[in-house]
Each structure stands twice: as structure tokens, then as C-alpha cells.
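Quick notes on the structure that follows.
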Amino acid sequence: MKVLQVIPRFNPSLGGGVDVVYNISKQLALRGHDVTIATTDYLFDADYARTIEDLGVEVIPFKHLFNYCLYIPSPDLKAWCKAHISDFDIVHLNGTRSYQNSVVMNHAVKNNVPIVLQAHGSVMRIVERKGIKWLYDQVWGDKLLTNASAFIALSHSEAEAHQRMGVAKEKIHVLPNGVDLEKFKDLPQKGEFREKYSIKADEKVVLYLGRLHKSKGIDLLLEAFADLALQMENVKLVLVGPDGGFKGDLLKRIVDRNIQDKVQFTGLVSERDKYSAFIDSDVFVTPKFYGFPITFAEACACGLPIVTTNAGDYLDWIDDVAGFSTSYAQAELCNAIYRILLEDSTRNLFSGQCKHLVTSRFNWVSITGGLEAVYIHAKAQKGVIC
């Protein structure tokens with residue numbers, strides 16, 4: 001098949017959808033498909049693109065005019081679509097609300113090219129800029145939901161969110177995010193992260209890894225950890241990731257709870273340090289999430305148990321398999337973390353099950369096989385013979 005992947009930005013530091021597009025494009029090319037990625041030059045990483053171009057994937061960074069709340073117009077895309085969209089067998093749109101999606105959708109519909117939409121957790125109008133999202137949906141978004149032949153949800157809860165937005169159940173396919181197993185064959189040695197950040201060998205490490213933003217529930221994690229620190233000695237909360245505007249509030253809470261010596265910020269770290277953090281931690285906590293965070297699959301690949309809550313989306317494979325999923329309550333979150341830190345048998349059981357999940361389900365080879373089936377379904381929906 002000749003596949004067009006569409007995403008507004010292409011830079012590995014942005015994570016999420018970019019990582020997905022990179023890896024599924026890589027696997028599709030290895031399976032013999034002809035893949036093109038249409039993106040913009042906004043934060044474009046040419047070196048990153050080159051690593052996938054070497055496999056035969058074409059990456060086209062269209063010139064952008066400006067960036068307004070991640071709405072990034074690239075007018076040259078229109079002329080390119082007019083000339084080339086009919087060459088493709090399938091269009092795979094990544095993310096929901098973008099200039100690129102609206103342009104490519106219009107030309108795909110005119111040329112009867114099937115559209116697959118993968119929202120990456122963004123189909124609902126939640127968290128930020130709800131008014132702007134509502135306006136986009138009135139002009140383009142609702143048309144996109146109508147015109148797409150197939151939808152990829154990252155979890156059953158995201159599939160339900162699609163249905164609440166009016167998508168027919170039979171059009172929705174659940175495919176998780178994954179990891180490149182090759183990256184986990186040569187992991188850092190245990191102790192590297194602790195040595196670099198002066199964390200004692202006998203300290204139990206509670207890890208948060210991601211943007212420091214109020215939407216992530218880190219305030220609840222801090223309160224739960226403060227209670228945990230009263231019950232356990234030698235425990236440390238390590239917050240890894242860039243400030244998303246919430247660090248000041250977190251620092252105030254840390255002082256208020258008098259746990260300054262038990263909380264450590266690292267800022268943004270390299271990929272190697274990220275894996276090293278997973279290896280040297282005892283539990284990975286993300287209180288609130290939407291979609292399927294790739295960090296969950298990465299933590300599993302390193303054998304690190306997960307604790308989360310039901311406040312955002314829900315992943316049915318976490319609770320009592322890879323860790324615990326609790327209600328969004330301070331006491332329950334604290335208790336779940338405490339159990340994993342205290343009970344070696346529980347932590348070891350979850351660690352083994354985490355690794356099995358990655359090798360059996362959460363890897364790009366398996367996921368791309370499922371994606372091919374989605375593409376075939378989308379073509380059948382449009383009456384296109386495969």
C-alpha cells in the first residue's frame with residue numbers, strides 16, 4: 001500500500017504522536033509499504049527524519065507561517081495534496097485538530113481516498129483550550145469524524161470517548177502504543193541514575209516522568225507521597241521532565257509539607273537517562289493520563305510496576321497485572337504505592353508481567369500487523385478493493 005502519514009510536527013523531543021508516527025512508518029516500510037510523512041518545518045528535526053528516510057520513508061516538512069496554540073498553517077500543503085493525494089491508498093491522520101488534517105481531509109474526500117484518524121488521546125475537548133477546540137470542531141472537526149472510514153483508539157476508554165463524540169462503534173479499532181524492542185536489548189546498568197543524581201542505594205524511588213503540568217495530577221502525587229514519607233523511611237520522589245508551568249506550585253506544596261529533602265527535580269533528561277531512571281526506580285506513578293502514554297510501555301519494558309488512577313483514561317491491563325489503578329484519592333494512591341514498595345513479592349510479580357506485556361503486545365512489530373488490518377478495513381468501508 002501507498003500510505004500518507006500526517007502530523008503537524010516531527011521532532012523526537014515532542015514524544016507522543018511523533019514517536020508513534022516514526023515507529024509505525026518504520027515498520028510499514030520494513031513490511032514493503034510505500035510511506036510518506038507530511039509535516040511542517042516547525043521544530044523539524046532533519047537528523048531524526050534522516051534515520052527513517054534511510055529505510056525508504058519520505059518525510060516532507062512543509063513551510064509553516066506561524067504557530068497559534070499548536071495550529072500551524074502550511075499553505076504549500078494544499079497544492080501538494082491537489083497534485084498527489086490521489087496517488088495514495090490510505091491517509092492516516094495523527095491528532096485531531098490541526099490545519100494539516102483539515103487540508104488533507106478535504107482532498108482525500110474529493111479523491112475517494114480512505115481516511116484513518118488516530119487521535120492520540122485528543123478526540124475529546126478536555127484539559128486545555130476547550131473554546132478553541134470547540135470552534136475547530138464546528139468548522140472542521142465534526143466533518144473529520146464523519147469522513148473518516150476508521151478510527152484508532154489507544155484504549156477501550158478512548159474508544160468509548162469516540163462513541164460519545166458520535167463515532168459508530170464498528171469504525172473504532174483499539175491499538176495500543178508500543179516500544180522498539182531493539183532499544184531495550186542494551187539498557188543502562190543498574191545504579192547509573194542514582195549515582196548521577198546522588199540518590200542513595202537504600203532509598204526507595206517513586207518516579208514521575210513527564211511534563212510538570214497541572215493536568216497530570218502531580219499535586220495529588222505530592223500529597224500522597226507526603227503521607228507515604230510519614231510511614232516509610234528512606235523513600236524519595238523523583239520528578240523527571242520539563243516544567244509545564246506547574247513547578248512553582250509544586251515547590252510551594254513541598255515546602256508546606258516539609259518534604260524538601262525527599263523530593264528531587266531533574267528537569268528534561270536524555271533518552272539514556274530516562275531508561276536509567278526506570279531501571280533505578282521502584283515504582284512509576286502517573287496520577288492522570290489520556291490515551292496511552294508511551295512511558296507506560298517503556299516502564300514495562302524495564303520491568304517497572306505502574307500506579308495510576310481512574311481520573312483520566314483507563315487501561316484495563318494495569319490493575320493487578322502491571323500495577324495498580326486506584327480512585328483519584330490521596331489515601332488510595334498512597335496505599336497502592338506503599339504496597340509495591342513494601343511487598344517484594346507483589347513488586348516482582350508485576351515486574352515480570354510488565355515485561356511479558358511488552359514482548360507479547362506492546363511492541364511495534366505486533367501493533368503494525370494490527371494497523372495493516374485497520375487500513376484494509378478502511379479501504380473496504382470506502383469500497384476500495386485491496
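The values are calculated or read from the model by the stated rules, or taken from the named source; none is laboratory data. On a predicted model such as this, the values are computed, not experimentally measured, just so you know. No Cβ is skipped: glycine too gets one built from the backbone with ideal geometry, and neighbour counts run over all protein chains shown. Side chains are part of the model used for accessible areas, which takes the heavy atoms of the whole protein and leaves out ligands, DNA and RNA. Shrake-Rupley method; radii C 1.70, N 1.55, O 1.52, S 1.80 Å.
Tabulated data
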| read-out | value |
| --- | --- |
| Dipole of region 231-386, positive end: most advanced residue of Thr295, Gln264, Ile337 [Cβ charges, Cα centre] | Thr295 |
| Gaussian network model of the chain, Cα within-10 Å springs - most flexible of His64, His84, His120 | His84 |
| Per-peptide average of other Cβ atoms within 10 Å, ordering 193-205, 318-330 highest first | 318-330, 193-205 |
| Highest-fluctuation residue, Gln264, Gln189, Gln100 considered, GNM on the chain with Cα pairs under 10 Å | Gln189 |
| Carbon and sulfur %, accessible surface of the chain computed with the full protein complex present, 1.4 Å | 50 percent |
| Cβ charges +1 (Lys, Arg) and -1 (Asp, Glu), total dipole of the chain, debye | 1000 debye |
| CD proxy at 222 nm, helix term only [per DSSP H run n ≥ 4: -39500 (n - 2.57); per residue of the chain; nearest 500] | -12500 deg cm²/dmol |
| Mean Cβ neighbour count within 10 Å, used as a protection proxy, ranking 253-259, 164-170 highest first | 253-259, 164-170 |
| Computed over region 157-257, Kirkwood Rh from alpha-carbon pairs, angstrom | 17.2 Å |
| Accessible surface, per residue, of the chain when the full set of protein chains is kept, probe 1.4 Å, Å² | 43 Å² |
| Three-way shape call for region 214-319 based on the alpha-carbon gyration tensor, with the a/c threshold at 1.5 | rounded |
| Three-way shape label, region 184-235, alpha-carbon gyration tensor, a/c 1.5 | oblate |
| For the chain, built as a Gaussian network whose Cα springs stay under 10 Å, the top-fluctuating residue of Glu271, Glu160, Glu53 | Glu271 |
| The chain - Rg over Rh from alpha carbon coordinates, Kirkwood radius | 0.98 |
